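First comes the structure, then the notes that go with it.
The values are calculated or read from the model by the stated rules, or taken from the named source; none is laboratory data. Here the structure is a predicted model, which means the values were calculated and not measured. So basically every Cβ, Gly included, is an ideal-geometry build from the backbone, and we count neighbours across all protein chains shown. Protein only, heavy atoms only, side chains kept; ligands, DNA and RNA dropped before computing areas. Shrake-Rupley method; radii C 1.70, N 1.55, O 1.52, S 1.80 Å.
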Amino acid sequence: MKSKSVSTQSRQLVSVELGDRSYPIHIGDDLLSDASLLEPHISGQQVCIITNDTVAPLYLETLSETLSAYKPINIILPDGEKYKTLDTVSLIYDRLLEERFSRSATLVALGGGVIGDMVGFAAATYQRGIDFIQVPTTLLSQVDSSVGGKTGVNRPLGKNMVGAFYQPNCVLADTSTLETLPDRELKAGLAEVIKYGLINNLPFLNWLDDSIENILARDKSALAYAICTSCEDKAAIVAEDEKEAGIRAILNLGHTFGHAIETAMGYGNWLHGEAVATGMVMAADLSCRLELISKQDFERVKDIIQRAQLPVSPPAEMSAETFISLMSRDKKAEQGRIKFILLEKLGKARAGEEIDQKTLASLF
Ligand code: NAD
Ligand code: GLY
């Protein structure tokens, strides 16, 4: 279940193998100005770059210049998780209609996971599906959200509750864009990186244990290795189980708790990665209480997340009842029965565990 990357100088290429919908993930510095990586994935003449008002002043001009042969139009959305809504996606539809964009058009998502998820959903649904390219500019989106085709928006009652599986034609992860990323966002992305170590890659977890401070210090080679390994792991899991009928669910370690935190605290107040970090500690705690992992292993999970300067405890204002009520609406819940991803050991997760309410309540 390993997807291998190909390396040329400082560039890496990871492939997501999905038959005739396979696509490359290009990883490296200064890729935004390399038209040769994007052009093979654009079939028509209409291109729209969609970004937000934080990323636009940083990278829109460079990318527009790179795609100038297509005379791209652009859409600049308001920045923030609270705008990851159907209303915002409607702004995209309306502009594309105004511009008479046809089925052969290509959307380019320039930004973090919020932009990527919304643009992917717009591409999946505009005229029943048009091409799109992911250009992720946060650590979180480079290691996770731009890969694998989960697209969608939030609803007041739950995160990512409306969406589609819809794969991009290409992912261009320009690691030099991380230079402008605020520290808090870098740390949030690190939560998803640690996740890969915990769920199926013990050697990577061991490497992270030695390298976490280097990543926080933005050491280029440590960051590049972390991004590439995360993409290889995710690509392999997605290739095996694109629509989450089985193994892909392990990618949601900590997310059932995390999504409840994001929803309860108001979208954007806890960053997705922060909520997932706490959620992973809670999932490890649960795994320990169920005697799947030792107390020592649980402490190791907590320690690495703490060293990544991420939160390890749920918000004090959230009661067990609030968690349970929100988690019973989770996408993995069936008729209100909540399913969890647990750790069998460090480097191995298993999905679909139903936990009784008494055990759950003991976490709080
Ligand atoms: P985000 O998209 O909100 O980006 C974080 C912040 O960084 C934003 O303010 C953004 O404007 C800014 N930013 C982006 N790139 C920048 C750069 N290079 N320099 C400076 N600022 C920059 O958040 P995120 O963490 O990237 O993504 C979180 C979202 O991704 C959540 O909505 C989550 O549900 C979703 N997600 C989806 C998947 C999936 O498989 N589709 C997986 C994980 C997370
Ligand atoms: N982020 C979880 C997944 O892509 O399946």
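Descriptive notes on the structure:
- DSSP-defined beta bridges in the chain - what % are antiparallel, rounded to 5: 50 percent
- Around Thr322: net Lys/Arg minus Asp/Glu count, Cβ-Cβ under 13 Å: -2
- Extreme residue, positive dipole direction of the chain, given options Ile293, Gln12, Ser33 (C-beta unit charges): Ile293
- Think of the range 77-187 as a dipole: +1 on every Lys or Arg Cβ, -1 on every Asp or Glu Cβ, centred on the Cα centre; then among Val114, Pro78, Gly129, Gly129 lies furthest on the positive end.
- Nearest 10 degrees, 0 to 90: helix 220-240 Cα axis against the chain principal axis: 80 degrees
- Environment charge at Ala361 (Cβ cut-off 14 Å; Lys +1, Arg +1, Asp -1, Glu -1): -1
- Debye, to nearest 20: dipole size of the chain, +1 on Lys, Arg Cβ, -1 on Asp, Glu Cβ: 780 debye
- Taken about its Cα centre, the range 268-364 carries a charge dipole of roughly 240 debye when the Cβ of each Lys and Arg holds +1 and the Cβ of each Asp and Glu holds -1.
- Heavy atoms of the protein chains alone define the surface here; on that basis the range 55-154 has 37 Å² accessible area per residue at 1.4 Å probe size.
- Among beta bridges from DSSP that stay inside the range 51-206, the antiparallel ones total about 35%.
- If you take all other residues with their beta carbon under 13 Å from the beta carbon of Leu205, and give Lys and Arg +1 and Asp and Glu -1, the sum is 0.
- Separation of the alpha carbons by more than 19 angstrom is noted, of Lys187/Lys348; Lys234/Lys339; Lys150/Lys243; Lys295/Lys348, for Lys187/Lys348; Lys234/Lys339.
- Apportionment of accessible area to carbon and sulfur, the range 1-154, percent (1.4 Å): 49 percent
- Electrostatic dipole magnitude of the range 161-242 [Cβ: Lys, Arg +1; Asp, Glu -1; Cα centre; debye, to 20]: 160 debye
- Taking amide H as placed 1.01 Å from N in the peptide plane, Phe132 has its amide H under 5 Å from the amide H of Leu107, Asn169, each at least 5 places away in sequence or on another chain.
- Of the accessible area of the range 239-364, computed with a 1.4 Å probe over protein heavy atoms only, carbon and sulfur atoms account for 45 percent.
- Per-residue HN-Hα couplings for the range 200-208 [Karplus 6.51, -1.76, 1.60; θ = phi - 60°; Hz; x = Gly/Pro]: 7, 8, 4, x, 5, 4, 5, 4, 5
- When the Gaussian network model of the chain links Cα atoms closer than 10 Å, the mean-square fluctuations of Val162, Val301, Val47 top out at Val162.
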